[in-house]
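Working notes, structure below.
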Amino acid sequence: MVTKLKQADVVIVGMGWTGGILAKELAEAGLKVVALERGDMRTAQNDYALPNIRDELRYVIRQELMQNASRDTLTARNNLSQEALPIRRLGSFLPGEGVGGSAIHWSGGTWRWTDMEFKIRSMYEERYGKKFIPADMTIQDWGITYAELEPYYDKFEAIAGVSGKAGNIKGSIQNGGNPFEGPRSRDYPLPPLKNILSSKLFEGAAKDLGYHPFPRPAANASKAYTNPDGSHFGACQYCGYCQRFGCEANAKGGPQMTVIPIAMSKPNFELRTQSWVTKVLKDASGKKATGVLYTNLVTGEEYEQPASIVLLCAFAFNNVHLMLLSGIGKPYDPVSGKGIIGKNYAYDTGVGSTLFFEGNSFNPFISAGGTNIVMDDFYGNWDFDRSGPGFVGGYIVSAGHNTALPIGYRPTPPGTPRWGKEWKAATAKWYQTSMAITTRSGVLPHRHNYYELDSTYKNAFGQPLMRLTFDYQENELKMGMHGAEIVNRISQHLNPTHLVKASSAKRSWNVVPYQSTHSTGGTIMGTSPANSAVNKYQQSWDCTNLFILGANVFPHNSAYQPTGLVGALAYWTADAIKNHYVKNPGLLA
Amino acid sequence: MNDEPSNRRSFLKGAIAGSAVAVTGVLPGPALAQSTSASQNTVNPNPGYQFFNLEEQAFIEAVVNHMIPADDLSPKGTEIGVNIYIDHALANGWGKGERLYNHGPWKKGLPTQGYQSPLTPAELYRVSITKSNLACTERYGKWFDQISDGQRQEFLVALSSGKVDFKDGPSSKTFFDMLYQNVMEGMFSDPMYGGNQNKAGWRLIGFPGAISLHAQDVETYLNKKYTAPIFGIADLS
């Protein structure tokens with residue numbers, strides 16, 4: 001028996017950054033908003049509190065804040081010829097569960113994606129010719145511009161408390177910032193974080209070699225801060241427990257300590273936790289979403305929540321899963337290349353070197369999520385000529401410690417045994433002496449990297465798991481080879497006692513080791529229903545009262561982390577709904 | 001050998017050693033009765049096992065003391081509680097398959113597809129310790145806890161590369177990977193979980209533990225050895 005509840009103006013599925021931003025903005029606009037979150041309510045005062053939050057086993061190894069794979073996971077394979085099997089224990093990516101979503105446990109990396117992304121196909125074709133882009137690389141222009149998004153990036157950075165140093169203010173290049181970034185209307189709301197030893201060494205070497213290192217922008221408050229909404233941030237304590245952890249100091253910007261409490265103070269907003277949405281409901285025409293079906297996890301009872309506007313704000317692949325389960329849009333078929341939903345899955349990749357300096361004390365446990373120095377000379381720098389190495393995209397290079405805790409981080413030089421007296425002696429000797437220099441590249445989409453529903457395995461609700469088919473392609477290999485050469489050049493310049501060089505080889509994606517939670521695509525943005533699931537307002541072409549927010553709308557992935565763009569697009573969509581859609585429901589143009 | 005099995009265990013092993021296939025069988029009544037009386041006279045250096053049976057206790061103690069031998073840098077594995085850490089982890093939610101998607105069909109899968117065994121961690125240990133002792137009996141005529149240090153080394157290396165055939169069982173590498181990870185957890189996790197006693201693992205490397213504030217330390221300890229006291233969660237609770 002499904003109980004039908006009272007109609008709301010807006011129902012939001014998922015309460016992370018995008019759900020939180022939309023909840024606040026639309027509740028303030030006077031709409032009656034209901035939010036459904038599958039996880040719990042947690043707060044810094046009660047749940048991310050000292051001393052219990054300083055627990056690597058609980059939060060990193062046992063993944064306490066993450067999606068519970070026993071209830072819902074994905075099946076995975078590298079290519080169409082393999083049999084997909086369930087990811088029985090999450091590893092490669094770790095979506096958060098609960099109020100705040102993955103923004104509870106992120107490390108705060110916040111970047112502005114530029115027109116190099118939004119016009120990727122036209123810019124590469126214009127500069128390098130049509131043949132430069134491999135036939136199976138399904139990149140496309142997004143239909144949105146940096147200029148449109150600039151005020152929304154600015155807004156998100158101010159709300160999230162981003163620390164950093166501008167490199168380009170209104171076209172004027174700033175010393176110490178990223179000279180390759182898009183023009184900003186003003187500097188970051190907070191100055192950069194302190195520089196730790198590994199970052200300093202990298203910064204010096206990169207400068208010596210003529211590159212342009214700068215502090216990685218991060219939503220870690222470098223000092224106490226009150227954002228424009230009046231939300232208070234404590235100063236970052238460089239505690240070393242950032243990624244995978246909640247922040248007791250409220251120094252790491254997240255929706256649970258900014259936009260969500262503001263929404264919750266409005267009488268026209270209601271948050272229901274432990275509420276698992278299983279389906280988006282449609283009317284008989286199939287052109288309008290009428291609400292969602294969900295299960296109250298406390299009682300097991302099912303409810304229908306009708307709403308005039310439905311917002312999918314869950315983690316990127318859970319939004320795609322809901323679209324496939326609800327039968328909205330045409331599922332993508334990798335053989336014919338037809339269909340849209342599930343298309344263009346993309347991810348991150350990279351290479352790295354490990355450097356050992358006998359006698360150094362890096363103190364890797366004194367660090368923040370954003371204590372990194374990074375350089376953009378081989379990504380945001382459009383002047384970097386890709387015709388030689390022959391790849392689309394590129395990579396950023398960075399160094400610095402971030403959440404280097406001892407169950408997971410104990411580097412020793414190659415040849416060290418894995419156990420016994422020699423292992424102990426080497427662990428003791430080298431633990432303090434090591435740093436890494438790494439690249440990060442966005443994976444470019446390929447026609448065979450995609451999501452669909454699995455035909456065998458089911459979740460706790462009896463629904464098909466989502467099946468992910470994904471592997472790295474030649475373009476990733478080329479980026480890795482070029483990146484390894486640059487990383488090794490910088491590493492050798494530092495003249496370490498031991499150097500484990502970066503290298504790149506053809507390899508397949510493995511679900512086991514943690515790599516990145518930056519899964520993108522599946523409900524991609526574009527200029528027409530023929531090439532995309534949503535328009536530039538993240539509005540579904542199929543059901544115009546349905547908006548699908550998050551990195552699932554990215555047609556490709558970048559060397560930059562996704563959250564800055566996810567946040568900017570959320571504010572952009574909130575404005576479009578408030579100022580245009582509500583007055584004149586229908587397709588936004 | 002620096003970790004002689006207790007009298008209690010020697011007795012039990014004697015009782016079942018006659019038949020290699022019986023190692024997982026139910027012990028005869030008298031053996032159980034005698035083990036109870038024998039244990040009253042034995043000081044167990046690691047009290048408080050919640051999960052491991054006697055065969056498994058002997059195995060895990062031998063493993064952790066081989067991987068973490070005593071020297072100037074730290075006491076041996078059992079003295080820092082690594083065996084107890086693993087026992088408790090297996091007795092509790094993680095060992096029972098919490099957060100593990102455990103529905104069939106089960107297929108062997110590719111290395112890139114991760115853990116595909118139908119066994120929970122606790123079940124994997126149970127089966128694999130038995131299989132390991134069977135394999136050691138075939139190779140060396142004795143269980144793992146009875147063989148020499150050199151033989152232990154050889155056997156663990158073979159396990160780690162999956163070269164031990166757990167006939168009709170899980171992959172020996174799957175077991176080793178979990179075992180190795182758990183040994184490291186037992187050495188470097190917060191002492192409240194039973195391992196890392198006296199913060200021996202953290203002392204080894206100079207990790208400060210559950211410290212709350214480091215903002216001033218960025219400058220104070222820039223390229224200087226960190227020397228402040230080490231805290232566990234219990235010390236700050």
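The values are calculated or read from the model by the stated rules, or taken from the named source; none is laboratory data. The shown structure was predicted, so the numbers you read here are calculated from the model rather than taken from an experiment. Cβ: placed from backbone, ideal geometry, glycine included. Neighbour counts: every protein chain shown.
Residues checked against (1) among the charged types (D, E, K, R); (2) crowded, with 20+ Cβ neighbours inside 10 Å; (3) within 7 Å of another protein chain (Cβ to nearest Cβ):
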position	(1), (2), (3)
B:182	no, yes, no
B:186	no, yes, no
B:195	no, yes, no
B:198	no, no, no
B:210	no, yes, yes
B:214	no, yes, yes
B:223	no, no, yes
B:227	no, no, no
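Could you grab the pairs with beta carbons closer than 8 Å, sequence gap of 6+ or different chains, first residue in region A:326-344 and assigned to a strand (DSSP E or B), second one crowded, with 17+ Cβ neighbours inside 10 Å and acidic (Asp, Glu)? Listed by first residue and then by second, the contacts come to A:331/A:452.
Only one of B:87, B:71 is under 10 Å from the mean Cα position of the chain (by Cα) and over 30 Å from residue A:507 (Cβ atoms); which? Before you say what the answer is, go through the steps one by one.
Numbers: B:71 fails: under 10 Å from the mean Cα position of the chain (by Cα).
Selected residue: B:87, the only one of B:87, B:71 that is under 10 Å from the mean Cα position of the chain (by Cα) and over 30 Å from residue A:507 (Cβ atoms).
One residue stands out among those in region A:81-91 that are touching a Ser or Thr at 6+ places or on another chain (Cβ under 6 Å) and assigned to a loop (DSSP other than H, G, I, E, B): the one that is farthest from the other protein chains (Cβ to nearest Cβ), which is A:84. I'd like to check something: does region B:84-96 contain any residue that is modelled with pLDDT of 95 or more, part of a helix (DSSP H, G or I), hydroxyl-bearing (Ser, Thr, Tyr) and within 27 Å of residue B:203 (Cβ to Cβ)? For region B:84-96, residues modelled with pLDDT of 95 or more, part of a helix (DSSP H, G or I), hydroxyl-bearing (Ser, Thr, Tyr) and within 27 Å of residue B:203 (Cβ to Cβ): present. Filtering region B:92-113 down to residues that are touching a helix residue (DSSP H, G or I) at 6+ places or on another chain (Cβ under 9 Å) and among the charged types (D, E, K, R), which residue is farthest from the other protein chains (Cβ to nearest Cβ)? Applying the filter and picking the extreme gives B:96.
Looking across region A:497-525, just one residue is touching a strand residue (DSSP E or B) at 6+ places or on another chain (Cβ under 6 Å) and within 14 Å of chain B (Cβ to nearest Cβ), and that is A:511. Once region A:251-286 is narrowed to residues that are in a strand (DSSP E or B) and crowded, with 24+ Cβ neighbours inside 10 Å, the residue that is farthest from the other protein chains (Cβ to nearest Cβ) is A:280. In region A:186-199, is there at least one residue being part of a loop (DSSP other than H, G, I, E, B) and small (Gly, Ala, Ser)? The answer is no, given that none of the residues of region A:186-199 is part of a loop (DSSP other than H, G, I, E, B) and small (Gly, Ala, Ser). Within region A:238-250, being buried (at least 24 other Cβ atoms within 10 Å of the Cβ) and more than 18 Å from residue A:101 (Cβ to Cβ) holds for A:238, A:239, A:240, A:241. For region A:199-249, the set of residues classified as out of contact with any Leu (no Cβ under 8 Å at 6 or more places or on another chain), farther than 21 Å from residue A:165 by Cβ, small (Gly, Ala, Ser) and within 14 Å of chain B (Cβ to nearest Cβ) consists of A:234, A:249, listed by residue number. Answer yes if at least one residue in region A:60-80 is in a strand (DSSP E or B), within 14 Å of chain B (Cβ to nearest Cβ), within 19 Å of the chain's Cα centre (by Cα) and more than 30 Å from residue A:333 (Cβ to Cβ), and no otherwise. Yes, that holds for at least one residue.
Of all residues in region A:433-454, none are of a type outside the set (Lys, Arg) and facing chain B (nearest Cβ under 10 Å). Applying a threshold of 8 Å to beta carbon distances and a minimum spacing of six or more residues, or different chains, the list of pairs starting in region A:410-431 at a residue that is within 7 Å of chain B (Cβ to nearest Cβ) and ending at one that is of a type in the set (Lys, Arg) and in a loop (DSSP other than H, G, I, E, B) reads A:427/A:410; A:431/A:410. Across region A:162-186, the qualifying residues are those that are exposed (fewer than 15 other Cβ atoms within 10 Å of the Cβ) and of a type in the set (Lys, Arg), and the one among them that is nearest to residue A:253 (Cα to Cα) is A:186. Total residues in region A:345-389 satisfying the condition of being within 20 Å of residue A:489 (Cβ to Cβ), touching a residue at least 40 places away in the same chain (Cβ under 8 Å) and in a loop (DSSP other than H, G, I, E, B): the figure is 12. Each residue in region A:16-59 was checked for being within 13 Å of another protein chain (Cβ to nearest Cβ) and either in a helix (DSSP H, G or I) or charged (D, E, K, R) (or both), and 6 of them qualify.
Please go through region A:283-312 and pick out each residue that is closer than 20 Å to residue A:461 by Cα and either touching a Leu at 6+ places or on another chain (Cβ under 7 Å) or charged (D, E, K, R) (or both).
Kept after step one, since they are closer than 20 Å to residue A:461 by Cα, are these residues of region A:283-312: A:291-305, A:312.
Scanning region A:283-312 gives A:291, A:292, A:293, A:294, A:301, A:302, A:303, A:304, A:305, A:312.
The numbered conditions (1) under 26 Å from residue B:224 (Cα atoms); (2) out of contact with any strand residue (DSSP E or B) (no Cβ under 6 Å at 6 or more places or on another chain); (3) buried (at least 16 other Cβ atoms within 10 Å of the Cβ) are all true for residue A:222 except (2).
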